[in-house]
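Chemist: Supplied in C-alpha cells, the structure appears directly below.
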Amino acid sequence: MGHVSRARAFVADAERTGWHDQALWFVRAKRDAAADLVPDWEALRSEAAAIKREALERLPELWIEFEAQARRAGAVVHWARDAEEHNTIVAGLLRERGITRVVKSKSMLTEECGLNPHLERQGIEVVDTDLGERIVQLRHEPPSHIVMPAIHLRRGEVGETFTRTMGAPPGLDDPDALTALARSDLRARFLAAQAGITGVNFAVAETGSLVVVSNEGNVDLGTALPRLHIACVGLEKIVPAQRDLPVFLRLLARSATGQAISAYTSHFRGAMPERELHVVIVDNGRSRLLAEPEFREALACIRCGACLNTCPVYRRSGGHSYGTVIPGPIGSVLEPARDLVAHAELPHACTLCGSCAEVCPVRIPLPQQLLAWRGVLAARGIHPRRRRIALRLAAEILARPIGLRLFGGLGRALVRALPAAFVDRLARPWTRQRALPPIPASSFRTLWKRRQSAARASAGARDAGDAGMEGG
Amino acid sequence: MRVGLFIPCYVDQLRPEVGLAVVRLFERLGIDFEIPDAQTCCGQPFSTAGEQGQAERLARRFDAAFAAFDVVVTPSGSCAAHVRHRFSDRRTGRRAGEAGGRTRELCEFLVEIDALRGIGGRLPRRIGLHASCHALRELRHGNPSESREPPRVEPVRALLGGLAGIELVELARRDECCGFGGLFSIEQEAVSCRMGLDRIADHERAGAEIVTSSDVSCLLQLEGLARRRGSPLAFRHVAELLADALAPEPPAPEAIDGPR
C-alpha cells in the first residue's frame, strides 16, 4: 500500500480531513503572522540559506573542528556510518553502565534509526518525554508530523489512550487535565531515569557545543537529572559558528509554530562535573545525498515542519499516509534517496503548487527537487502502467498538429455521440466526483479558420460592393 | 512587434471559446497577432511526469513554431511558466526552449504593453479570483501569501480591477492550490477533489458569482466539481471576462454621422 491508497482512506473521513486541514492551516497562519513581525524576513531566510550551503560545502572540516572542540570541552564523540552503528553505539553505552531506564526527548533521528525498538529488545525501557511523542508512543504509532507528532489525533482520542494506558477517567478530553496527567506520569519516569537521550537542532563547529530547541522543558529535565546524556545528531546539523545561531533561532520557531522563540533553547558544551556527555554523529545516507547536486540542498533542512503545514496535500492526507519517518514535501525529497522504488509514489504526491519552497526558512527548492525525482523515476522506467501508456500515447498524438487534430476531433465526436453515462464511466477516475466539461463540436483551430475565411469573404464582398458603388 | 498566439492543446480541444475570447480581445485592442499552425503542446505534462525526453521534443517543436515571433502570448499561466522556467533540464543541464524568454502569459502581456489604458469596460459581477499556482509562484504574478517580498503587480487583478462595477470577493485562503496538478488529478483523485471542493466552498462563502483564473486547467477542475454538486458558480477564463467587459469599439465616424 502506498501514499495514494492511504491518502484515499484518510480523505474518506471528510470531517476529520477538514479538521486536520484547519488545524495545520492555523499553524501556517501563525507562521505568516510571525514572519510579518520580522522586519526583513526574506533577507533572514537568504542569510540562513547561505550559511547552510556554506556548511554543506565545508561539512567534513566543520565536523572535524566540532569533534576537536567537543573533546576539549569534555564530551565523548562517536561516529556512526548508519542506523545500525548508531543503535549499537547507544545500546553499548547504556549496557556498559547497566542502564535499563532511559528518557528521551523528541528526536527524528532516533526515530529514523529505529532506536526505541532496538533498545526495548535489549530490555531497556525508553520513555519519550515530549507530550506529543509520548502520546504516539503509548499508541504504538509513528509520529505523523516532525514537530507536532500527534497532530493527527483529537483530544478525545488522546483521552481514550490515557484511559487505556494511565487509568485516566473515561471521557476525559480537557487538554489541561490530560496534560497534567501526562506530566505527573512523566515526572516519576524522569526521576527514575538513568540516562537521557536527546536529538540536536544545531551542532556548532567553532565551540563543539550542541543546541536543542524545545517547548516543554523535557530536554533540560531529561539531561539534568541522569548522569549520562547521549546526544544523537545527523551530519546535516552542523553550523560553522556561534554567531550563526541567532539567524536560525529567529527562523526556526517562527517557521515551525509561529512562536517568536521556543520556550527552551538549551546549550550543551562538554560534560558537567561527575557527568558524561556522549555525542553520536550519524551519517545514514546523508553523505550520499551530499554527493547528489540535485538533492544536496535538502540537507540544509532544519526540521521546522513549515513545508508540511503549508502543503495542501499533506494537510488533506495526514502524515501517516506517506509511510515514512519524515512526511510531507521534505520527506518526499529525502526518503526516495533511501529507497526509490518503495517511495516511488512520493515525488508524485504533489501538485507542484510551490508553497513549500516559499515557506522554507532555508530556501530548499523542494518543488524542483520533487520534479528531479520524477525525472529519475522516469529515466529508470518506474511508472505505474497506466501512466506509462497514457504518456506514450499523448506524446505520439501531440508530436504533430495533425495528430492533435485527428485524435482530438475523433475523441470529441465519440464523446458527443456516445451515451453520457457510458462516457462518464470511461472517463473515471476523473468523473468519480467531477462532471466532464461540455465537449465542443469544433476545436479552436477549426473555429478560428472558419472565422478567418468568413472575414476574408466579407472583406471580399465589401471590396466588391465598394467597387460597384464607384463604378455606379 | 510580431505577436504569436499559443493556444494550449487542451484549450484548443476543450475550451475553444477561451481562444476565441483572446482573439476578440486582441482585435478590440488593436493588437496584431498570428496563430502559427505548427503548434501543439508546450510539453508541460511530460515534464511534470519526469519524461524530460518527450518534454524536450515538444519544446523544440514549440521553438520552431514560434521562431519568427518577437513575443509569444498564451492564455495559460501554467504553460507560460513551463516554457519560461522548466524547458531546461536541471538534471542533465541540457537546454531546449529558446522561446522561453519571449513567452508571456496573456494578462502579464496586456499589463506590460499597457493595453487597457483608456479602454474602459464594465463588469457588474462579484468575481472570485482563483490564483494559478504557476502564475503566482513561478511567474511571480503578485505576491504569494507565504512571501514577505516587496509587493508585485498581479496582472489579473490589475486588469479586472480597472473594470467598472466589478467586485473582487475576499477569500479566506487567497492562493491555495485547486488540486488539479495534471496527472495528480487522476492518480490522486481523492485528495485532488478534496482540494478543489475546499476552494469552491471558499468562493461560495465569499459570495462569488463567477470564478475566474488565468489558467483553464484550474477552471476545468473546479467547474467539474461544482457542476457535479449543482453549485451555481460560473467559471470563466479571464480572457472571456475581459472580452465581454470591454466597451465596444468606438463607432466609426460614418456610423455616427449616418448615411449621407
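The values are calculated or read from the model by the stated rules, or taken from the named source; none is laboratory data. No experiment lies behind these values; they were computed from the predicted model shown. FYI the Cβ positions are ideal-geometry reconstructions off the backbone, even for glycines, and counts take in every protein chain you see.
Chemist: Take the residues of region B:169-197 that are farther than 17 Å from A:Leu436 by Cα and more than 7 Å from chain A (Cβ to nearest Cβ): which is surrounded by the most Cβ atoms within 10 Å (Cβ to Cβ)?
Modeler: Across region B:169-197, the extreme among qualifying residues is B:Asp175.
Chemist: Does any residue of region A:344-355 turn out to be modelled with pLDDT of 95 or more, of a type in the set (S, T, N, Q) and farther than 17 Å from B:Met195 by Cβ?
Modeler: no
Chemist: With respect to the numbered conditions (1) at pLDDT 90 or above; (2) within 13 Å of chain B (Cβ to nearest Cβ), which one is the sole condition not fulfilled by A:Arg425?
Modeler: (2) is the only condition that A:Arg425 fails.
Chemist: Would you mention how many residues in region B:49-63 are part of a helix (DSSP H, G or I) and surrounded by 24 or more Cβ atoms within 10 Å (Cβ to Cβ)?
Modeler: Residues in region B:49-63 being part of a helix (DSSP H, G or I) and surrounded by 24 or more Cβ atoms within 10 Å (Cβ to Cβ): 5 in total.
Chemist: Go through the residues of region A:184-197 one by one and say whether even a single one is aliphatic (A, V, I, L, M), within 20 Å of A:Leu221 (Cα to Cα), in a strand (DSSP E or B) and in contact (Cβ under 8 Å) with a residue 60 or more places away in the chain.
Modeler: Yes, the conditions are met somewhere in region A:184-197.
Chemist: Moving on. In region A:8-16, is there at least one residue being basic (Lys, Arg), farther than 21 Å from A:Ser262 by Cβ and not in a helix (DSSP H, G or I)?
Modeler: no
Chemist: Quick one: is A:Ala80 touching a residue at least 60 places away in the same chain (Cβ under 8 Å), among the small types (Gly, Ala, Ser) and surrounded by fewer than 19 Cβ atoms within 10 Å (Cβ to Cβ)?
Modeler: So A:Ala80 does not fit the description; no.
Chemist: Of the residues A:Pro246, A:Pro142, A:Pro240, only one is surrounded by fewer than 20 Cβ atoms within 10 Å (Cβ to Cβ), touching a Leu at 6+ places or on another chain (Cβ under 7 Å) and at pLDDT 95 or above; which?
Modeler: A:Pro240 is the lone residue from the list that is surrounded by fewer than 20 Cβ atoms within 10 Å (Cβ to Cβ), touching a Leu at 6+ places or on another chain (Cβ under 7 Å) and at pLDDT 95 or above.
Chemist: I would also like to ask the following. Do we find a residue being in a loop (DSSP other than H, G, I, E, B) and of a type in the set (Val, Ile, Thr) anywhere in region A:394-405?
Modeler: no
Chemist: So, A:His145, is that one under 23 Å from the mean Cα position of the chain (by Cα), touching a residue at least 40 places away in the same chain (Cβ under 8 Å), under 20 Å from A:Val213 (Cβ atoms) and outside any helix (DSSP H, G or I) or not?
Modeler: Yes, satisfied.
Chemist: Can you tell me how many residues in region B:198-246 are more than 13 Å from every other protein chain (Cβ to nearest Cβ), under 15 Å from B:Ser76 (Cβ atoms) and β-branched (Val, Ile, Thr)?
Modeler: 2
Chemist: Residue by residue through region A:306-336, note down the ones that are more than 14 Å from chain B (Cβ to nearest Cβ) and either touching a Gly at 6+ places or on another chain (Cβ under 6 Å) or in a loop (DSSP other than H, G, I, E, B) (or both).
Modeler: A:Gly323, A:Thr324, A:Val325, A:Ile326 - these are the residues of region A:306-336 that are more than 14 Å from chain B (Cβ to nearest Cβ) and either touching a Gly at 6+ places or on another chain (Cβ under 6 Å) or in a loop (DSSP other than H, G, I, E, B) (or both).
Chemist: Do you know which of the residues in region B:23-69 that are more than 7 Å from every other protein chain (Cβ to nearest Cβ) and on the phi > 0 side of the Ramachandran plot is farthest from the chain's Cα centre (by Cα)?
Modeler: B:Gly30
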